[in-house]
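The structure appears below as structure tokens.
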Amino acid sequence: MIDLEKVRERKKIRESILTKLYVQWFGSEPNASALVGTKHELYPDSEHHRAFHYLAGKGLIDISPTGQGSGMNEVLAVFISAKGIDYVEELVEGKS
């Protein structure tokens, strides 16, 4: 049986990631449009790891290696896509 509370928690994690990326994209610093961190920082647990890859699979975000580090210390740059921007804006408009 599916745990409804876990489903809600996973959805909340995905929405939090998208919201953070949206704010980052439209932030005041022009050269800081991506969320940059090591895999260890971006994926603190398996739920976050799955959430990032789910969002990438849906085309809502793009994950790119920066060429720095390796393994869990590999540095990634995560950007929100145009589809992700539309999703966040629709989500916010739907809640207001």
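The values are calculated or read from the model by the stated rules, or taken from the named source; none is laboratory data. These numbers were taken from a predicted model, which means no experiment stands behind them. So basically every Cβ, Gly included, is an ideal-geometry build from the backbone, and we count neighbours across all protein chains shown.
Only a single criterion out of (1) under 15 Å from K12 (Cα atoms); (2) at pLDDT 95 or above; (3) not aromatic (F, W, Y) is not satisfied by K95, namely (2). Among the residues of the range 25-52, write down those that are within 19 Å of G69 (Cβ to Cβ), touching a helix residue (DSSP H, G or I) at 6+ places or on another chain (Cβ under 8 Å) and among the aliphatic types (A, V, I, L, M). Correct list: A34, L35, L42.
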